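Peer 1: One structure, as structure tokens, below. Some questions next.
The values are calculated or read from the model by the stated rules, or taken from the named source; none is laboratory data. Computed from a prediction, not measured in an experiment: that's the story for all the values here. In this analysis, Cβ positions are derived from the backbone assuming ideal geometry, glycine residues included, and neighbour counts consider all displayed protein chains. Accessible surface is based on the protein model in full, side chains and every heavy atom, while ligands, DNA and RNA are left aside. Shrake-Rupley method; radii C 1.70, N 1.55, O 1.52, S 1.80 Å.
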Amino acid sequence: MATIEIDGKTYQAENGKMIIEVADENGVHIPRFCYHKKLSVAANCRMCLVQVENSRKPVPACATPVADGMKVYTKSPETIRSQKAVMEFLLINHPLDCPICDQGGECELQDVSLGFGQGISAYKDTKRAVNDDDLGSLISTEMTRCIHCTRCVRFGEEVAGVRELGATGRGENMQIGTYINHAMTSEVSGNVIDLCPVGALTSKPYRFTARPWEMQQYKSVSPHDCLGSNIFVHVRGQEVMRVVPRDCEEINETWISDRDRYSYLGLKHSARALCPKIKKAGVWQVVDWATALNYAALKITTCINQHGQEHFAAFASSSSTLEEFYLLQKFMRHLGVNNLDHRLKQTDFCDQDKLADLPVSSLPFAELENQANIFLLGTNLGREVPLAAIRVRKAQLASANVYALNPVSYDFPFHVTQEEIVSPHTMLTTLCSIVLSCVGGVKKLPKEIQPWFKGIKPTEFSHTVASALQAENSVIVTGFISESHPDAAILRSLVNLIGKNTKAKLLRLTQGANALGAHFAGMLPHKGVAGDALPKPGLEVNAALKNNLTGAFLLNVEPDFDFANSPLAKAAFIKAECVIVLSAFADPSIEEYADVILPIASFAETAGTYINIDQTWQTVKGCVTPPKEARPAWKVLRVLGNLANCPGFDYASSEDVLAELLLLKHGKELNLNDEIFVDAEFPPAQKGLVRVGEWPLYAVDGLVRRANALQESGSADKILVKINPLTAKHYKLGKKVKLSQGGRAITLPFIQDEKVAKDVVWVLNAMPETIDLGAAYAKIAIKA
Ligand code: SF4
Ligand code: FES
């Protein structure tokens, strides 16, 4: 430790820390532009010059390490003179356009110039002008304002791992840009807006719509992935104007993904459900709430009484709140319905009774960056959970080894040390060989699963991964492809076996923002609240869909986009005689199968709790009131419960719902360990082609799907089929390919891509063009 003095006060500081860090920790402000706590030190703006005793000239506080006995003066005449000189230099070329600049009111340059700028400029020559770049639908540029701090460039190089912005030219001619003009493609590109200290990079959708001082700031949590990134929602009147990150080291550090930043745009979509509607004799009628709720309650109870509880089901988006899950399952279970599920994108549930009560991880998310060996299993990490890719990149820059077993060699923003790219079926056999490499022989495994290993031998890859996972600080990261795998139960067992026989921890990236909340609240067919056993379990989602559904209750889900097999789901709902939809949106495709549409509040409009993958409970309040007649879903469920004579539905607030849930949990020990599942037959070797149907980055939920700027951005997925050149040659494919699944066929453009495993057809799910295809990970046929 070093003892230093800043402005006459003594502080203890860690050796090696920079003066600016110690000053920040102790609340002493030093102006800065290029320094940012999460980026490397560039020391190019010189705004942080401070006087240090015995130094011949002022030193940059961001690039000068503290030394024992150092005396720093941040307010001395020498310091102020230096900072004023730098400010004058920076303002030589910076336009004086604050009144029309979108950064006005929150501009670091504006703030600092108030403190250190001169009232009159001595500079008389023409200012420099720089052409703007078109960075796509999310970020606006005004590059004449750029002060060359290079924060945006360093963010791309160091954090995002995508070098999109760079500097060209020198001195007066230096310019920041993409060089070859193109839209930003990074999933986290919007962070450069917060980093840019001036108005050179601003938010395109937000631009010119509000001033910072007109808005209220509310704390919230983003509901689009399993992290629950911390955000501020900025609101003017009753309108959400923008979303910006809120620092939280354990979750999102100081970043958010573009999905978290711009999804609020979906709130203003023209398809918002604004009033209750019921369908009578095929004709939609707008009605008041009382009529709609009475009609819905009667329709549900009549349907259940006539056809039996086993033909009714309720499905909820895994991004619903804990309170919504709890009330929905309580309502349904009172009516005797146990066909409840939120795991809509999965297909294999045969191990569900052996699994822990919550899909927990053994590694805290933030620890991902401290791992020495990371094994990515069935995950397109950067597209599924963009901020997880940032953590892996950090680990890899600190020399971690990254291994991957996937059906596609994805363009991760980090280097993969070794990967095996195989079809979903071969992923299982590869995992078996890793298990063998870990345990040293099939005889050491439980007898019941020894047949799984017939004919399987360890490989070089399996030995490498196994020995990496035997080391301290190693982790297996499973993602959406693992969860949606057609033999996910076997995959989970193999992962658990590897975990038991190595030092590897497990990080499970679950789908949706609140999968743990759904498990906890009992939004499952086989378990009640907090893992309670049920006397009469219901059917999991796919079995329920195939069980002649006569009625369904849908909470924020759309069959075209949110189910593993969208045609199966849609056909079931169209056939059913009672489909009650609680949704923030009502467009023609929903009207096709719904009988009642109850408009509910969306993100930022309702209170609720999310449990993230670290089991962190985060309760948020609504930031604005829902539009027109829309109401928070928990209130709608409360009234439906009352109308159906369910006892205990007299909640006054969502806090009451949470309190009841916590009371039920009180004193209960959750089972957080998976048992090894041994009752499955190993699937026979795959013949023919199999589809890999990932969910697009911007199609994970209804709100994101309706955020137009995201859909138009450079990072949005384009519809395209990708097939390995060897497979394409075998099937003699031309420029387009006809895909058939489940009796339906569509023709799409395709490219040959060596990164895709052989015998795999990579075609996204949940795109308007692909909603008629069958299951996301199942057999598929192709023709030229
Ligand atoms: S665009 Fe902004 S962040 Fe990038 S170098 Fe210029 S001033 Fe810095
Ligand atoms: S902040 Fe120190 S040189 Fe820029």
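Peer 1: Do the conditions hold for ALA63, that is, is it farther than 23 Å from LEU114 by Cα, within 11 Å of ligand 2 (Cβ to nearest atom) and not assigned by TED's automatic domain parsing to the domain that holds CYS149?
Peer 2: yes
Peer 1: Name the single residue, out of those in the range 24-35 being part of a loop (DSSP other than H, G, I, E, B) and farther than 24 Å from ASN93 by Cα, that is most open to solvent (accessible area, probe 1.4 Å).
Peer 2: Checked the range 24-35; the qualifying residue most open to solvent (accessible area, probe 1.4 Å) is HIS29.
Peer 1: So, one more: Residue check: is PRO197 assigned to a loop (DSSP other than H, G, I, E, B) and either surrounded by fewer than 17 Cβ atoms within 10 Å (Cβ to Cβ) or in contact with a Cys (Cβ under 7 Å, 6 or more places away or on another chain) (or both)?
Peer 2: Considered against the rule, which asks whether it is assigned to a loop (DSSP other than H, G, I, E, B) and either surrounded by fewer than 17 Cβ atoms within 10 Å (Cβ to Cβ) or in contact with a Cys (Cβ under 7 Å, 6 or more places away or on another chain) (or both), PRO197 comes out as yes.
Peer 1: Identify the single condition in (1) surrounded by fewer than 22 Cβ atoms within 10 Å (Cβ to Cβ); (2) touching a Pro at 6+ places or on another chain (Cβ under 9 Å); (3) within 30 Å of ILE611 (Cα to Cα) that PRO424 does not satisfy, given that it satisfies every other one.
Peer 2: All conditions pass for PRO424, except number (1).
Peer 1: Does any residue of the range 36-45 turn out to be within 22 Å of ALA85 (Cβ to Cβ) and surrounded by fewer than 15 Cβ atoms within 10 Å (Cβ to Cβ)?
Peer 2: No, because not a single residue in the range 36-45 is within 22 Å of ALA85 (Cβ to Cβ) and surrounded by fewer than 15 Cβ atoms within 10 Å (Cβ to Cβ).
Peer 1: Taking LYS330 as the residue in question, decide whether it is within 18 Å of GLU540 (Cα to Cα) and open to solvent by 20 Å² or more (accessible area, probe 1.4 Å).
Peer 2: Taking the combined requirement at face value, the residue satisfies it.
Peer 1: Look through ALA296, ALA316 and report the one residue that is hydrophobic (A, V, I, L, M, F, W, C), touching a His at 6+ places or on another chain (Cβ under 7 Å) and touching a residue at least 12 places away in the same chain (Cβ under 8 Å).
Peer 2: On inspection, the qualifying residue turns out to be ALA316.
Peer 1: Also, quick follow-up: Taking the range 7-27 as the search range and keeping residues that are in contact (Cβ under 8 Å) with a residue 40 or more places away in the chain and in contact with a Lys or Arg (Cβ under 8 Å, 6 or more places away or on another chain), which one is nearest to CYS62 (Cα to Cα)?
Peer 2: ILE20
Peer 1: Name the residues in the range 233-264 that are in a helix (DSSP H, G or I) and out of contact with any strand residue (DSSP E or B) (no Cβ under 9 Å at 6 or more places or on another chain), would you?
Peer 2: ASP258, ARG259
Peer 1: From LEU720, LEU773, LEU697, which residue is out of contact with any Cys (no Cβ under 9 Å at 6 or more places or on another chain), surrounded by 20 or more Cβ atoms within 10 Å (Cβ to Cβ) and under 28 Å from ASP134 (Cα atoms)?
Peer 2: Only one candidate passes the filter, namely LEU697.
Peer 1: Let me ask another. In this structure, is ALA167 modelled with pLDDT under 95 and within 16 Å of ligand 2 (Cβ to nearest atom)?
Peer 2: Yes.
Okay, residues lined up against (1) touching a helix residue (DSSP H, G or I) at 6+ places or on another chain (Cβ under 9 Å); (2) away from ligand 1 (no atom under 11 Å from the Cβ):
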position: CYS149; (1), (2): yes, no
position: ARG154; (1), (2): yes, no
position: ARG170; (1), (2): no, yes
position: MET174; (1), (2): no, no
position: ASN181; (1), (2): no, yes
position: SER186; (1), (2): yes, yes
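Residues are listed down the side, and each one gets a yes or a no for (1) open to solvent by less than 50 Å² (accessible area, probe 1.4 Å); (2) touching a Pro at 6+ places or on another chain (Cβ under 8 Å); (3) not assigned by TED's automatic domain parsing to the domain that holds ALA160:
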site: PHE208; (1), (2), (3): no, no, no
site: GLY237; (1), (2), (3): no, no, no
site: ASN252; (1), (2), (3): yes, yes, no
site: TRP284; (1), (2), (3): no, no, yes
site: TRP289; (1), (2), (3): yes, yes, yes
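Peer 1: Right, here's the next one. Suppose we keep only residues that are within 30 Å of the chain's Cα centre (by Cα) and open to solvent by 20 Å² or more (accessible area, probe 1.4 Å) within the range 111-136. Which one would you say is nearest to ligand 2 (Cβ to nearest atom)?
Peer 2: Looking at residues that are within 30 Å of the chain's Cα centre (by Cα) and open to solvent by 20 Å² or more (accessible area, probe 1.4 Å), I get ASP133.
Peer 1: Among the helices (runs of 4 or more DSSP H) contained in the range 477-545, which hold 3 or more residues that are touching a residue at least 40 places away in the same chain (Cβ under 8 Å) and among the β-branched types (Val, Ile, Thr)?
Peer 2: In the range 477-545, the matching helices (runs of 4 or more DSSP H) lie at 488-500.
Peer 1: Residues GLU605, GLU592, GLU577: which one is among the acidic types (Asp, Glu), surrounded by fewer than 23 Cβ atoms within 10 Å (Cβ to Cβ) and within 28 Å of LEU661 (Cβ to Cβ)?
Peer 2: Matching residue, one of GLU605, GLU592, GLU577: GLU605.
Peer 1: Can you tell me which of (1) farther than 30 Å from LEU274 by Cβ; (2) open to solvent by less than 10 Å² (accessible area, probe 1.4 Å) is the one LEU637 doesn't meet?
Peer 2: That leaves (1) as the condition not met.
Peer 1: Test GLN470 against the criterion of being of a type outside the set (A, V, I, L, M, F, W, C) and under 22 Å from GLN396 (Cβ atoms), and give yes or no.
Peer 2: Judged against the criteria, GLN470 is a match.
Peer 1: Let me ask another. Please tell me if LYS668 is more than 19 Å from LYS527 (Cβ to Cβ) and at pLDDT below 95.
Peer 2: no
Yes/no matrix, rows are residues, columns are (1) farther than 28 Å from GLY667 by Cβ; (2) among the hydroxyl-bearing types (Ser, Thr, Tyr); (3) surrounded by fewer than 21 Cβ atoms within 10 Å (Cβ to Cβ); (4) out of contact with any Ser or Thr (no Cβ under 9 Å at 6 or more places or on another chain):
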| residue | (1), (2), (3), (4) |
| --- | --- |
| LYS505 | yes, no, yes, no |
| ARG508 | no, no, no, no |
| GLN511 | yes, no, no, no |
| LYS546 | yes, no, yes, yes |
| LEU549 | yes, no, no, yes |
| LEU555 | yes, no, no, no |
| PHE561 | yes, no, no, yes |
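Peer 1: What residue, of GLU53, GLU106, is away from ligand 1 (no atom under 16 Å from the Cβ), open to solvent by 50 Å² or more (accessible area, probe 1.4 Å) and among the charged types (D, E, K, R)?
Peer 2: Answer to the selection: GLU53.
Peer 1: Output yes when any residue across the range 26-33 is of a type outside the set (Asp, Glu), out of contact with any strand residue (DSSP E or B) (no Cβ under 6 Å at 6 or more places or on another chain), closer than 14 Å to ARG151 by Cα and within 11 Å of ligand 2 (Cβ to nearest atom), and no when none is.
Peer 2: yes
Peer 1: Could I ask something else about it? Quick one: what pairs do we get from the range 155-176, first residue farther than 17 Å from ASP134 by Cβ and open to solvent by 60 Å² or more (accessible area, probe 1.4 Å), second assigned to a helix (DSSP H, G or I) and modelled with pLDDT of 95 or more, C-beta under 9 Å, 6+ apart or different chains?
Peer 2: ARG163/VAL153; ARG163/GLY156; ARG163/GLU157
Peer 1: Collect the residues in the range 193-211 that are more than 16 Å from ligand 2 (Cβ to nearest atom) and touching a His at 6+ places or on another chain (Cβ under 8 Å), keeping them in residue-number order.
Peer 2: Once the filter is applied, which keeps residues that are more than 16 Å from ligand 2 (Cβ to nearest atom) and touching a His at 6+ places or on another chain (Cβ under 8 Å), the range 193-211 yields only ALA210.
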